[in-house]
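Below is one structure, written out as structure tokens; comments come after it.
The values are calculated or read from the model by the stated rules, or taken from the named source; none is laboratory data. Keep in mind it's a predicted model, so treat the numbers as computed, not measured. Heads up, the Cβs are rebuilt from the backbone with ideal geometry, glycines too, and the neighbour counts pull from every protein chain shown. Side chains included, ligands, DNA and RNA excluded: accessible areas come from the protein's heavy atoms. Shrake-Rupley method; radii C 1.70, N 1.55, O 1.52, S 1.80 Å.
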Amino acid sequence: MTQRPKRRTILLATGAAALAVGCGDSGGDDSGSTEQTAEITETPGTGETGQDADPPEADGEELATTDEIPVGGGKIFKDEKVVVTQPEEGQFKAFSAICTHQQCIVANVEGGTINCTCHGSKYSITDGAVENPPATRPLPAEKIEVDGNSIRLT
């Protein structure tokens, strides 16, 4: 009689394989990662974390107007996987909206932080630095251009 592997054995092996793949060297610098950042907008059919959506194109289309980004807060653009913040009047920043802990899309921007409700990580709206673990790496910065009242992802 052949003994089938137990569920625990299969789960452990699958988790170990996923960890090995996730920890692999991409061969490049993390600063140019495809992770992106900032109130949530969503396109139907992109799934809970937006992982199956196409990556954003650097086409310079308007992301938002400056009036849409509250001072001391921000807005999450789920489709583009970008968070745009305004830490101080007239100062706009953009970060990846993908939590560096478990790659969930961040949930909201409030209280001066970008918040991921998957596991409680919080990031600074000023520089994307980790304010509350379990994340250990900051949100990568994204490039935006502010032209008059228009904010564009570049």
Residue satisfying all of: in segment 59-78; acidic (Asp, Glu) and at pLDDT 95 or above; surrounded by the most Cβ atoms within 10 Å (Cβ to Cβ) among these: 68
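Go through segment 62-74 residue by residue and tally those that are closer than 17 Å to residue 143 by Cβ and assigned to a strand (DSSP E or B).
In the first step, residues of segment 62-74 are kept if they are closer than 17 Å to residue 143 by Cβ; the result is 62-64, 66, 69, 74.
This time we only want the ones that are assigned to a strand (DSSP E or B), so: 62-64, 74.
Qualifying residue count for the region: 4.
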Candidate set: segment 79-90, residues that are touching a strand residue (DSSP E or B) at 6+ places or on another chain (Cβ under 7 Å) and farther than 14 Å from residue 125 by Cβ; chosen: the one least open to solvent (accessible area, probe 1.4 Å): 81
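When the residues of segment 100-143 are filtered to those that are in a strand (DSSP E or B) and open to solvent by 40 Å² or more (accessible area, probe 1.4 Å), which remaining residue is modelled with the lowest pLDDT?
Residues of segment 100-143 that are in a strand (DSSP E or B), as a first pass: 105, 108-110, 113-115, 122-124, 130-132, 141.
Retained after the next criterion (residues that are open to solvent by 40 Å² or more (accessible area, probe 1.4 Å)): 108, 110, 122, 130-132, 141.
Numbers: 108: 97, 110: 94, 122: 98, 130: 98, 131: 97, 132: 97, 141: 98.
Of everything passing the filter in segment 100-143, 110 is modelled with the lowest pLDDT.
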